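Undergrad: One structure is given below, represented as structure tokens, and several questions about it will come after.
The values are calculated or read from the model by the stated rules, or taken from the named source; none is laboratory data. What you see is a predicted model; the values in this text were computed from it and never measured. In this analysis, Cβ positions are derived from the backbone assuming ideal geometry, glycine residues included, and neighbour counts consider all displayed protein chains. Calculation scope for accessible area: heavy atoms of the full protein, side chains included, ligands and nucleic acids excluded. Shrake-Rupley method; radii C 1.70, N 1.55, O 1.52, S 1.80 Å.
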Amino acid sequence: MAGRVGNGNSARAQQSVEQATLVYMLVGFAVFLLMGVLGLLMRLQHAGWIDLGPRWFYRIMTLHGSGMVAGVLLASLGGVARVIAPRIGLSPRLLWTAFVVYFLGSGLVILATLVGGFAAGWTTTYPLPVRGDWPMSATWGFLLGYTLVAVAFLLWCLAVLVGALRTFGGFGNTLAWPVLFGRKTERPVPTGPELAATVVAIDGIIAVGAGVVYLVPIFAEMLGLVSGFDVLFAKNMLFLFGHTLVNLNIYLAVALVYATLGAYTGRTFKMGFPVALAFNLVIILVLLPYFHHLYQDFVQPWPLHLIGQFGSYAVGVPAFFVTIIGSLGLLYGSRVRWSAPVIFILAGLWGWVVGGFAAILDGTIAINNVMHNTLWVPAHFHSYYLFGAAGFTWAYLFHTLGGVEGWVTSPAARWLGWLYAIGAGGFVLAFFLSGLQSVPRRYAEHIAAWQVLGQVAVPFVLLLGIAFLGLLILGLRAVPAAWRAPAPAPGSND
Amino acid sequence: MQPALRSGVGRLDRRSVGAQGEAPVALGGRARGGEGVASLSPRGLAAVGSLHYHCSNTTEYQNDILSGVVLRVRRAAEGGVMQVGVGVVFFIFVVLWTGALWWIATRAALTAPYERVSAVVSRLRRWGALIVVVVLGAAFILSLPFLPYPTSRAARLGSPQVTVEVTGRMWAWELSQKTIPRGQTVEFVVRALDVNHGFGIYAPDGRIVTQVQAMPGYTNRLLYRFDEPGTYTIRCLEFCATGHHLMVAEFTVE
Ligand code: HEM
Ligand SMILES: [Cu+2]
Ligand SMILES: [Cu+2]
């Protein structure tokens, strides 16, 4: 039990942390499956094979988007907390509290959409939430739900930041500046996952701040305190919040790649200069690309458009050359133990890069003028999410439930892993082709010429569904053991 | 000055025939009709970095003397050329990246000392990052002349000769005129009455040629020149709730 650093958790606290984080991941996974069914419904509608009607389509779309983002985020927050808690010392009580708040918030979002009829899309772009054809109570429910989710996320960020500062001492050390500038230090240096988590915490706090600036005037308007406010400013705050939040999810997921891949390759991700540099750059770069959501708002001051294009190009570079090339280096010639987590990570690298490249194309203002708000956009973020952010998180979840020797290496698990990759791949490629065909996103009705690609997508979604159900069945059997498992020695994760 | 610039755009189209060939046909039959818009093709190509920009002050686009065959080929090439350019670049990238990962996967189960792999990783990081930064930097600069904003478009197309007032509201478009002369620079003055809408223009062949947001409290100006006659469709491209997909209108270019 040596190796307890800083204010690391006791063994008992650590076990409670592990239970809490397991709940985060399992609930996130369950939400993912349910929201996936809603996704299937939407693609069936696009194929022209079912008719939900516009009201239900848009409610479902709104719930699918917000539910997926929240569910995947919850799971990766749990995974990362589990990885970093031994040294950073996250309190189990805080994790459970945040979970309850998160859960209540999500419940409100579900009620607001399915019962209340709220359907302004997951982005809820002002002034649509207050001008829709649904009751104001639904808007209240939805936005309060978002607020609770944001509060829970903020709690997580604050806890991580405070814990990291205490463990590593000061911002410089916490951000691995000794490694960056080649200085000696007495203090421990953060590992990759710890640094990634800290970066997410810092930018997460900024994003939530923007979310508050976005939501407060809307609440004020609903209370009759103001009659309205600037839509351009609102949109800037909205996407500073929303875009940054979903972008941060991938960095959480990257922390989980660091924590998983080593176990199957016998190699470890070293905290070195490139990792330190990349994550320090990300702190700033991740805040810039959101401007690409406003390229078609011609009244936005033009330098901001150019910053958006710069940020969209730049943000991927550190990630690619550190995490992606680094992971491929871990795999190459490692006599890897092929298993569901490794396959998910490999597929995740594929989708993350494909989605990233698609984003660079669409992040080019000249191209965006004909691609904006086509299905190219969901194509990009589904690649990035389904393979990357979510895929990496499920890799870690399966690893947690299976261990290096467990069911994850069974032929069934491996086959299901490949099946998922094929299903998700076909599904996103159909989306990309639809985007090239100028099919608009967020349309409840598709004209005949657009339906073909929807029809192509459906079988792939079904493959995806089968793969996840299979993995669920395999994984569930391992849950009781994972719940009871004694806490491993603190620090064993680095 | 302006005629020269405009004819420069016209010239480029003909060049793009050679550069693009039958590409649109290859990409899922999107070349239907092929009512391309002249000014789009050089933008699309240059934005993906595959065509050099040349200005020349030869004939006006309208006065082009092209045989029927060449015209048809050119129109096919223009049909969705921005989207085709993006598609080609994207799918080449996907194939290369899939191949690279496949190659790594087949070698993951072999044995290679990690020191050697690490050395390669370091070199890849150093040189790869340098190359990517240079390529992205070049793409950034090359894309700048093709911004869709009014000053940039006016420089390419000439200042507007026709003004069309556009108003979006839940869930309809109102246009001050429904016919637009071809070959003239049009300025759409776009407003919204209630929530954000997206003023998206679809060519007769079904592809988006340009768009701008319609925002309450703001006026956005969109410049464009239609060189192909036909019926163009306006679709709302910003989600505006229940009737979003019904927010369709048409105008003709003659
Ligand atoms: C499981 C398979 C999935 C399927 C079949 C699916 C399908 C869909 C479909 C059909 C749409 C509507 C596209 C449109 O017409 O605009 C959509 C939107 C969306 N999806 Fe997914 N999706 C899946 C997974 C995910 C994941 C993992 C995420 C991660 C966060 C996600 C987040 C979103 C978001 C944010 C939207 C946009 C909602 C909006 O426009 O308000 N989806 N999805
Ligand atoms: Cu609209
Ligand atoms: Cu709309």
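Undergrad: Go through A:Val160, A:Val199, A:Val189 for me and flag whichever is part of a loop (DSSP other than H, G, I, E, B), within 21 Å of A:Val254 (Cα to Cα) and among the β-branched types (Val, Ile, Thr).
TA: A:Val189
Undergrad: Next up: Could you grab the pairs with beta carbons closer than 7 Å, sequence gap of 6+ or different chains, first residue in region A:240-269 and in a helix (DSSP H, G or I), second one open to solvent by 20 Å² or more (accessible area, probe 1.4 Å) and basic (Lys, Arg)?
TA: These pairs meet every condition: A:Tyr264/A:Arg337.
Undergrad: Kindly indicate whether any position in region B:142-160 is touching a His at 6+ places or on another chain (Cβ under 7 Å) and not acidic (Asp, Glu).
TA: No, that holds for no residue.
Undergrad: Would you pick out the residues in region A:354-376 that are open to solvent by 10 Å² or more (accessible area, probe 1.4 Å), facing chain B (nearest Cβ under 7 Å) and either at positive phi or assigned to a helix (DSSP H, G or I) (or both)?
TA: The answer is A:Phe357, A:Leu361, A:Asn373.
Undergrad: Which residue pairs have Cβ atoms closer than 7 Å, lie 6 or more positions apart in sequence or on different chains, and pair a first residue in region A:317-344 that is closer than 16 Å to A:Thr393 by Cβ and open to solvent by less than 10 Å² (accessible area, probe 1.4 Å) with a second residue that is β-branched (Val, Ile, Thr) and not in a helix (DSSP H, G or I)?
TA: Listed pairs, sorted by first residue: A:Val342/A:Val336.
Undergrad: Given the conditions (1) of a type in the set (Ser, Thr, Tyr); (2) part of a helix (DSSP H, G or I); (3) crowded, with 16+ Cβ neighbours inside 10 Å; (4) more than 8 Å from chain A (Cβ to nearest Cβ), which single one is not true for B:Thr167?
TA: The one condition B:Thr167 does not meet is (2).
Undergrad: Then there's this: If only one of B:Tyr114, B:Tyr149 is free of Cβ contacts under 8 Å to residues at least 12 places away in the same chain and within 22 Å of the chain's Cα centre (by Cα), which one is it?
TA: Going through B:Tyr114, B:Tyr149 in turn, the sole match is B:Tyr149.
Undergrad: When you go through (1) open to solvent by less than 20 Å² (accessible area, probe 1.4 Å); (2) more than 30 Å from A:Leu63 (Cα to Cα) one by one for A:Leu180, which number turns out not to apply?
TA: Just one mismatch for A:Leu180, condition (1).
Undergrad: Exactly one condition in (1) buried (at least 19 other Cβ atoms within 10 Å of the Cβ); (2) within 14 Å of another protein chain (Cβ to nearest Cβ) is false for A:Asp133; which is it?
TA: That leaves (1) as the condition not met.
Undergrad: May I pose another question? Can you name the residue in region B:219-238 that is at the interface with chain A (Cβ under 7 Å from one of its Cβ atoms) and open to solvent by 10 Å² or more (accessible area, probe 1.4 Å) and, of all such residues, is nearest to ligand 1 (Cβ to nearest atom)?
TA: B:Glu238
Undergrad: Continuing with the same structure: Given the options A:Leu252, A:Leu240, A:Leu294, name the one that is crowded, with 24+ Cβ neighbours inside 10 Å and either among the hydrophobic types (A, V, I, L, M, F, W, C) or on the phi > 0 side of the Ramachandran plot (or both).
TA: Being crowded, with 24+ Cβ neighbours inside 10 Å and either among the hydrophobic types (A, V, I, L, M, F, W, C) or on the phi > 0 side of the Ramachandran plot (or both) holds for just one of A:Leu252, A:Leu240, A:Leu294, which is A:Leu252.
Undergrad: Follow-up question, since we're still on this one. Here is a check on your reading of the model: is A:Phe432 open to solvent by less than 10 Å² (accessible area, probe 1.4 Å) and within 14 Å of chain B (Cβ to nearest Cβ)?
TA: So A:Phe432 fits the description; yes.
Undergrad: Next question. Restricting to region B:239-254, count the residues that are more than 7 Å from chain A (Cβ to nearest Cβ), of a type in the set (A, V, I, L, M) and within 16 Å of ligand 1 (Cβ to nearest atom).
TA: Counting residues in region B:239-254 that are more than 7 Å from chain A (Cβ to nearest Cβ), of a type in the set (A, V, I, L, M) and within 16 Å of ligand 1 (Cβ to nearest atom) gives 2.
Undergrad: While we're on this one: Report, ordered by the first and then the second residue, all pairs with beta carbons closer than 6 Å, sequence separation of six or more or different chains, a first member in region B:237-254 that is under 23 Å from A:Thr125 (Cα atoms) and in a strand (DSSP E or B), and a second member that is open to solvent by 10 Å² or more (accessible area, probe 1.4 Å) and within 10 Å of ligand 3 (Cβ to nearest atom).
TA: Note: pairs meeting the criteria are B:Val248/B:Arg235.
Rundown of residues vs (1) out of contact with any Lys or Arg (no Cβ under 9 Å at 6 or more places or on another chain); (2) surrounded by fewer than 22 Cβ atoms within 10 Å (Cβ to Cβ); (3) more than 11 Å from chain A (Cβ to nearest Cβ), yes/no style:
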residue: B:Ser176; (1), (2), (3): yes, yes, yes
residue: B:Ile180; (1), (2), (3): yes, yes, yes
residue: B:Val186; (1), (2), (3): no, yes, yes
residue: B:Ala192; (1), (2), (3): no, no, no
residue: B:Gly200; (1), (2), (3): no, no, no
residue: B:Arg207; (1), (2), (3): no, no, no
residue: B:Val212; (1), (2), (3): no, no, no
residue: B:Met215; (1), (2), (3): no, no, no
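Undergrad: Which condition from (1) of a type in the set (A, V, I, L, M, F, W, C); (2) surrounded by fewer than 24 Cβ atoms within 10 Å (Cβ to Cβ); (3) within 30 Å of B:Ala192 (Cα to Cα) is the one that A:Ala379 breaks?
TA: It is condition (2) that A:Ala379 fails.
Undergrad: Would you be able to say whether some residue in region A:407-414 is within 29 Å of B:Asn196 (Cα to Cα) and either within 15 Å of ligand 1 (Cβ to nearest atom) or in a helix (DSSP H, G or I) (or both)?
TA: Checked region A:407-414: no residue is within 29 Å of B:Asn196 (Cα to Cα) and either within 15 Å of ligand 1 (Cβ to nearest atom) or in a helix (DSSP H, G or I) (or both).
Undergrad: If you check A:Phe99 against the conditions, is it among the aromatic types (Phe, Trp, Tyr) and in contact with a Phe, Trp or Tyr (Cβ under 9 Å, 6 or more places away or on another chain)?
TA: Taking the combined requirement at face value, the residue satisfies it.
Undergrad: Under 7 Å by Cβ, and 6 or more places apart or on different chains, what pairs join a residue from region A:405-428 that is surrounded by 18 or more Cβ atoms within 10 Å (Cβ to Cβ) with one that is hydroxyl-bearing (Ser, Thr, Tyr)?
TA: Pairs that qualify, where the first residue is surrounded by 18 or more Cβ atoms within 10 Å (Cβ to Cβ) and the partner is hydroxyl-bearing (Ser, Thr, Tyr), are A:Val408/A:Ser339; A:Thr409/A:Ser339; A:Ala413/A:Ser339; A:Val428/A:Ser383.
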